[in-house]
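Down below is the structure, laid out as C-alpha cells.
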Amino acid sequence: MRQRLPLVLLLLTACGAKAGSGGPTIYVALDQEFSQPVLDRFAAELQIDLVQRHDSEAAKTVGLVSMLMEERSNPRCSVFWNNELANTVRLAQAGLLAPYDSPSAADVPAAYRDPQHRWTGFAARARVLVVNTELLPDRSTWPGSYADLVDPKWQGRCGVARPTTGTTLTHFTALRQVLGEDAYGRLLDGLVANEVHLLASNGATVNAVREGKLAWAFTDTDDYHVAQLKGFPVACVFPDQQEGGIGTMLIPNSVAIIKDGPDQANARRLVDRILARETEALLAAADSAQIPLRTGITGPADPGIRAVGTFRQMVWDVDWTAANLARCAAEWDRRFGK
Amino acid sequence: MSRLARIASPSRLPLLAALAFLAAFVLLPLGGLAAATVFGPDGFTLEAWRALAEDQNALTQLSASLQLGLAATTVSLLLGGLHAWVTIGRDLPGGAWLGPLGIAPLVVPPIFVAMGFADLASVSGFWPCALLLGVAHAPFVAVLAARGLRSVDGRAYEAAWLLRGRPRAERWLLRAIAPELLAGCLLAFLFTLADHGVPEFLTVKGKTWHTYAEGLFSRWSRRAVGTTFAELQSPITAALPFVAGLGCLLWAALRLRAAAPDRGVVRPLPLRPLGAWRWPALLAPAVYLAAGIGLPVFVLVRWVLGSAQRLEPMSLHYAQQSFHKAMDQGLPDLLHSLWLALGVAVFVVLLALPLARASARRWPVLDLLCALPAAIPAILLGIALVRSFHDEALLRRLGGDFYAGWGFALCGYAARFLPFAALTLSAQVRRQSIAAEEAGALVRRSPVTRALRLHLPPLLPATWTAGVLVFVLALRELDLAVVLPAANATAVRRLANAVHFQHEDWSGVIALLLLSLAVLLPLLPSLLAGRRLASLS
C-alpha cells in the first residue's frame, strides 16, 4: 500500500499539470468580455505565459477577494485587477499587497494612487442615475440626486442594487462618511418608507429600467452604456451636480501586485502595461465605456458619459471606506436582511 | 494473512480508494472548517458561535426559508405529482411520451426558469419565488411518483377495485406510492432551502423577506472584507447547523425512497380510464412541461433572435450573429464544461459503486456520509476544498500544481455529486438478491471476476442513470465553478456573467447548447439501443 501512495499522489499532480504554469497569474474582476482580449494582447506583446482567472458576477467582486484572502499562505495570484477600489485597499490593509511604484502610473492623479505604492487606480466608472426616457420624456422631471431615492414623488418607481457587495457597497459605505451618521440613517429609513426597489445587482437595476419596470435607478456607467448601445430608451444623469451638492462618485479600476505571488518580475511588467495610457483609451472605447482618469486620453464616445474635470466629483475617503465595508454590510443586514 | 494485508487486499482497493476520497475531499475539509470556528488566533474560543446566537436575523431568515420551502414544495407536489398521476397507467392522449418527459425539466437550471419568467412578466416577492422554485424542483416529485406508480402491482390494484370500488382503489394507490411521493417532496423542499440564486435574482423591494441561503451569502461577502474573528467565521458558523439540518433531510428523503417496498415481480397497473377528463387532463402535463422547460427555452430562443435589444427586429440574421458571437466568446468554456462533466460522471460512478455496495451490505451509516456533500451549500464546500488544498506541501513537492489544475476541479465536483450516484446505486444494490451473491461467493472465482460477472451486470442500468444524473448536475453547477480555479473556465459561470452584462444574445446560444448537451446524453440509449426513456426514472 505504501508503495502505491506516491503513485496516487503523482497521478493527482499530473491532473494538475497544465501548460503555462510558469508565468504570472492574474485575477480579474472586470468583465471577462472586456478584459480578456486586452490581456491576451498584453501577454502576446510581453511574451509571457499569462494565466487569467475571472470573477463571477454571482460573487460580485468578493469572490476573487475572498480567494486572495484564503490563498494568502501560498499565493497563486501575481496581479489583481479589480474593477473597483475599496476591496483592493482592504487587501492592502490586510497586508496582502506588495509595493510597486510603476513608471506608467506617474501621471495618474495622486488621489488614485496609494502613497505606499501598493495599488494604483485607472479607468473609472461613475455612479449615475439611469433614466427610462419613455416613462420620463421631459428632461426637467428627471431625478438629479441621491436624495431623490427618498423623495415621495418617486415612491415605488426607483431602484438601487442591494449594497451588500460590489460598487454599490462601496458607494453606500462612502456615503455614510460623506453624509454623516444621522443623514445616512435617515437615507436608509427613507429607502424603506419610499418602497425603493432593492435589486440583486447593478445589471438587474438597468434591466428593470430599460424594460420600463422602474422609471430610474442608481447604477454604474458601464451598465447604462450597454443598455444604451442596444437601443433601449435610457439616459444617464450624473447626480448631485448642483451648487453645494456632494457630487458624483467615481470608482476606478485598481491594479496591484500580490505579495509573494508567482513570477513577480513579469507581474511588474504586466502592471506597467495595464497602467499605460493606451489601456485607458482601450477601455474607454470598449463597450464598458470606462472614464480615463488622466487628461489627454480620448474618453467614451457616448455623450452621456462625462469626462473627468467636466463634472463635480464626490470626495470620499477610500481608506475609511475600505476599513468600514464590513461594518456597513452588517448594518445593512441588520436593517434589511430579514 | 495479516489484518492489514486483508484490508489492503486487491478486492478492497476500490472501496479503500473511495473512502480515502470521501475523507480527503469531504470530511477533512469540512472538519477543518468546523475546527477553525473554535480556534482563533488566541486559542480556543466560542466567540464566533456566540455571535451567531446573537444574530437576530438568522432565525427570521430561517423562518422565511422554511415558509418558502413549504410553499414551493406544495407547487412541486401539485405540478410533478399531477403530471405523474395522469400520465402513468392512464389513457391520456400521448401519455406514453408525456410520462417519460417528466424528467426533462431537471436539465434546466432553476436560474434559467427564473430568467424565463422574469423576461415575460414582472416577478418579485415571496409567491413568485415559491412558484418558480416549485416549478424548478417539480421533476423530483414527478420522477419519484412515476417510479412509485410503475412499481405498484397491478393485480393488487385490480383486487382493491373489485372489492371496494374505484375511488377507494385510487386512494389505496395513493397510499402505496406515498413513500416515493414524500421522498420527492423532501428533495424539492431541501433544494428550495439551499437555493440562493433564485431568491437573490428576484430580490424584492424594501424590507420584506430574505432566505437563510441568502443570509449565508451575505455573511460570505462580509468575510471578504471582515476584520474580526467572528466576522471571518460567520458564514461557516451559520452554515454548519444548516448543513446538519439539510443533511438529515436528504438522508431521510433518500432512505424513504430506498425503503419504498421492493414489490418484486409486478404486473403494471391496468389502464385506468380518465373518462370525461381524458382531454382536459392534458392540461396538467402541458402546464408542467411548459413551465419547467418550454418557457425557459422559448425565452432563450427569443434572446438568440434578438429580443434583448431594440436596434433591429428579431430575425434569423440576428440569430446567426448571436451564434457567431457565442462561438467566438463561449465555445472554449462550453467544451471545458462538457469534458469536465463527462470526467466527473465517470469518476463519480467509479467511486460510487464500491461505496454503494458497502453501504447496502455492511455499513448503512455510509449513506449518511455520502449524503453530506449534497446538503452543503456548494460555496462552503468550495471554500473548504480551497483551504485544504491550496497549500498542500506534499503535492507541491511532487511538482505540478494540483490545486490550479483540472484534477482539482474534477475532484471537487465529484465530491459535490457523489451522493446522487452513491445513494442511487446503494438503493439498487439493496434490491439485488443477496442469495445469488452468497452462491457466487462459494464458487472459486477471483473477486474481480465476481464483481464483473455477478455484482456489476444488475447494476448497469442504475449506473447509467447515476452517471447521467451526475453529468447533468455537473454541467449546470455554478457555485463551485466560481471557487475552484480550473472550473472558472466553464460555460455556466460565463453564462451567469454574460446575462448580467446584458449579453443575452450570445449567452442564449450557449445556454441552448448547454441544455442540448444535457439532454443528449440521457437520450443516447434510446437513440442507439432503443432503451426506453422511462428507464431513467
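If you go through the range A:246-278 and keep only what is within 29 Å of A:Ala174 (Cα to Cα) and either at pLDDT below 95 or aliphatic (A, V, I, L, M) (or both), you end up with A:Ile246, A:Met249, A:Leu250, A:Ile251, A:Val255, A:Ala256, A:Ile257, A:Ile258, A:Val271, A:Ile274, A:Leu275, A:Ala276. The criterion of at least 2 residues that are within 12 Å of chain B (Cβ to nearest Cβ), surrounded by 18 or more Cβ atoms within 10 Å (Cβ to Cβ) and not aromatic (Phe, Trp, Tyr) is met, among strands (runs of 3 or more DSSP E) falling completely within the range A:18-128, by A:25-28, A:51-54.
All conditions but one from (1) surrounded by fewer than 18 Cβ atoms within 10 Å (Cβ to Cβ); (2) under 18 Å from A:Leu50 (Cα atoms) apply to A:Gln242; the one that does not is (2).
The sole residue among B:Arg431, B:Arg416, B:Arg493, B:Arg387 that is under 25 Å from B:Gly184 (Cβ atoms) and either within 14 Å of chain A (Cβ to nearest Cβ) or buried (at least 24 other Cβ atoms within 10 Å of the Cβ) (or both) is B:Arg416.
Without any contact (Cβ under 8 Å) to a residue 12 or more places away in the chain and within 30 Å of A:His117 (Cβ to Cβ) - does that describe any residue in the range A:247-265? Taking every residue of the range A:247-265 in turn, at least one turns out to be without any contact (Cβ under 8 Å) to a residue 12 or more places away in the chain and within 30 Å of A:His117 (Cβ to Cβ). Residues of the range A:301-313 that are under 17 Å from the mean Cα position of the chain (by Cα) and either small (Gly, Ala, Ser) or crowded, with 21+ Cβ neighbours inside 10 Å (or both): A:Ile305 alone.
Looking at (1) at the interface with chain B (Cβ under 10 Å from one of its Cβ atoms); (2) free of Cβ contacts under 8 Å to residues at least 24 places away in the same chain; (3) farther than 21 Å from B:Leu120 by Cα, find the lone condition where A:Lys213 falls short. Status for A:Lys213: all satisfied but (3).
For A:Asp319, the stated conditions hold: it is touching a residue at least 40 places away in the same chain (Cβ under 8 Å), surrounded by fewer than 17 Cβ atoms within 10 Å (Cβ to Cβ) and within 14 Å of another protein chain (Cβ to nearest Cβ).
Against the conditions (1) farther than 18 Å from B:Gly508 by Cβ; (2) within 13 Å of chain A (Cβ to nearest Cβ); (3) under 14 Å from the mean Cα position of the chain (by Cα), B:Pro109 satisfies every one except (1).
Residue check: A:Val178 meets all listed conditions (1) assigned by TED's automatic domain parsing to the domain that holds A:Asn202; (2) among the hydrophobic types (A, V, I, L, M, F, W, C); (3) closer than 30 Å to B:Phe201 by Cα; (4) modelled with pLDDT of 95 or more but one, namely (3). Could you tell me whether B:Phe347 is part of a helix (DSSP H, G or I), surrounded by fewer than 16 Cβ atoms within 10 Å (Cβ to Cβ) and not small (Gly, Ala, Ser)? No: the conditions fail for B:Phe347. The set of residues from the range B:33-44 being exposed (fewer than 13 other Cβ atoms within 10 Å of the Cβ) and not in a strand (DSSP E or B) comprises B:Ala35, B:Pro41, B:Asp42. Could you list all residues from the range B:434-478 that are among the acidic types (Asp, Glu) and either surrounded by 23 or more Cβ atoms within 10 Å (Cβ to Cβ) or assigned to a loop (DSSP other than H, G, I, E, B) (or both)? Result: B:Glu477, single match.
With respect to A:Thr164, is the statement that it is within 11 Å of chain B (Cβ to nearest Cβ), of a type in the set (Ser, Thr, Tyr) and over 25 Å from A:Phe34 (Cβ atoms) true? For A:Thr164, the condition - within 11 Å of chain B (Cβ to nearest Cβ), of a type in the set (Ser, Thr, Tyr) and over 25 Å from A:Phe34 (Cβ atoms) - is not met. Being closer than 30 Å to A:Ser73 by Cβ and either outside the structural domain of A:Val226 (by TED's automatic domain parsing) or buried (at least 22 other Cβ atoms within 10 Å of the Cβ) (or both) holds for only one residue in A:Asp287, A:Asp263, and it is A:Asp263. Hey, could you check the range B:329-338 for residues that are out of contact with any Ser or Thr (no Cβ under 9 Å at 6 or more places or on another chain) and touching a residue at least 40 places away in the same chain (Cβ under 8 Å) and say which is nearest to B:Cys411 (Cα to Cα)? Per the criteria, the residue is B:Leu338.
So that you can scan it fast, the table gives a plain yes or no per residue for (1) within 21 Å of the chain's Cα centre (by Cα); (2) more than 8 Å from chain B (Cβ to nearest Cβ); (3) surrounded by fewer than 23 Cβ atoms within 10 Å (Cβ to Cβ):
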residue: A:Gly156; (1), (2), (3): no, no, yes
residue: A:Val178; (1), (2), (3): yes, yes, yes
residue: A:Leu187; (1), (2), (3): no, yes, yes
residue: A:Val206; (1), (2), (3): yes, no, no
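The values are calculated or read from the model by the stated rules, or taken from the named source; none is laboratory data. Predicted, not measured: the structure shown is a model, and the values here were computed from it. Glycine also receives a Cβ, built like all others from the backbone with ideal geometry; neighbour counts cover every protein chain displayed.
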